[in-house]
Amino acid sequence: MQLPNVEQLDSEDKNWFARAIAGMVVADGRVDESETAFLKEALGFLEDRSQVEQIMGIVKQGKPPEMPAAKIDSKQAFIMLKYLSELMVADAHLSPGEVRFFLYSGRLLGFTPDILTKLWKTARAQLEATLPKAVAQIGNQTVEITLTELHDSKFSFRFGQALTPNCKIILKLHRSDGSFWDPIACRMAGQHQDKFDQSSFTILGRFEQKVAEPHGILQILHPDQFTGHDENILKPNKDSLMGRLVHCFLCNEPRVPHYVLRSRSMITAPNIFGVPAYEKPAGNLSDVIDFLFGILFDFRELIHGKNRKIIRK
């Protein structure tokens, strides 16, 4: 991230830039750990102790400061603006308050609304390129979306139009290999038109199913729990299957093979509760046959193998 050449700035301009950095840090109402490095840089190029205290006061107060118009060399001013645009999304989140303060700072530096809009939308696009991707089935349309927020029970994404209130949404997150995790039933919980982009709506959704490992959401929220090799994951010969060892509460056997069809191997449709349910195989019947033979094979092993005495109980 490029800083302007602060050695060429006078004390007043350095103070203006430091105040702009502090204002952007608190513009969303909180100070994220990822933003502290920017604050340290701002404090590092200030020359006067009283200026440092002013910057710390802005952070403690948690409110963006009022600033005068700046008369700074246009090249230096543009580098400042680029720096602020990168700081705006440093915490992987873009709030209306941050956009508002960015536009305010840009106007004080003398830039036109068109340039400022292009810069903050570029920052938004760079942020969204790093966020989880999914396919959403909304009514009769299927669209690619970026999840701007993701939690255990809810999520949000940006969309180009308003949706029918309380509508059903079927969400499938992308895997890293280009395939999809299992679909999860959701419902739209709210929406609002974005304040600084009238062509964009933020859609709020909530999960109507219990979030589970096959949905891929837990892997994003708790990556530390899914690092390394999972010894309970099975690798079937049939590509249409996913398998893992589970605990059987009926016979108390801790490692029983359990297989399910991959989502790409079947066509689903929402049941009366809106939950995706198996309807028919995708392509041909071989995937279902794979599934049945896989289950029968492991059931035979369960009966004739080491678990025979448990089954007899």
Notebook entry, point to check: If you plug each phi of region 5-18 into the Karplus form 6.51 cos²θ - 1.76 cosθ + 1.60 with θ = phi - 60°, what whole-Hz ³J(HN,Hα) values come out, in order, with x for Gly and Pro?
Noted result: 6, 5, 5, 8, 9, 7, 4, 5, 5, 4, 5, 4, 5, 5
Notebook entry, point to check: ³J(HN,Hα) across region 23-34 via Karplus (A = 6.51, B = -1.76, C = 1.60, θ = phi - 60°), whole Hz, x for Gly/Pro?
Noted result: x, 5, 4, 9, 5, 9, x, 8, 10, 8, 4, 5
Next item on the list: Give the long-range amide H neighbours of Cys167: residues separated by 5 or more places, or on another chain, with amide H under 5 Å away, using H modelled in the peptide plane at 1.01 Å from N.
Entry: Met188
Check: If amide H atoms are built 1.01 Å from N in the plane of the peptide, which residues on other chains or at least 5 residues away come under 5 Å of the amide H of Glu208?
Finding: Ala185, Cys186, Arg187
Checklist line | Whole-angstrom gap from region 59-73 to region 1-35, using each part's C-alpha centre | finding: 9 Å
Item checked: Spin-label model distance (nm) - Thr122 vs Ser199, 7 Å beyond Cα toward Cβ -> 1.8 nm
Checklist line | Relative packing of peptides 37-45, 141-149 - highest average C-beta neighbours within 10 Å first | finding: 37-45, 141-149
Notebook entry, point to check: Rule-of-thumb check for region 6-128: C-alpha Rg over 2.2 N^0.38 Å?
Noted result: 0.97
Check: What FRET efficiency would be calculated for the residue pair Ala69, Ala212, taking the C-beta separation as r and a Förster radius of 41 Å, to the nearest 0.05?
Finding: 0.15
Check: Between Leu3 and Glu47, what FRET efficiency follows from the Cβ-Cβ distance if R0 is 25 Å, with the result rounded to 0.05?
Finding: 0.95
Margin query: Could you work out the percent of alpha carbon pairs in region 133-220 separated by over 19 Å, rounded to a whole number?
Written below: 33 percent
Next item on the list: May I ask you to evaluate 6.51 cos²θ - 1.76 cosθ + 1.60, the Karplus curve with θ = phi - 60°, for each residue of region 44-51 and list the ³J(HN,Hα) values in order in whole Hz, giving x for glycine and proline?
Entry: x, 9, 7, 9, 10, 4, 5, 5
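None of the figures in this text is laboratory data; all of them are computed from the coordinates on show. These numbers were taken from a predicted model, which means no experiment stands behind them. Glycine also receives a Cβ, built like all others from the backbone with ideal geometry; neighbour counts cover every protein chain displayed.
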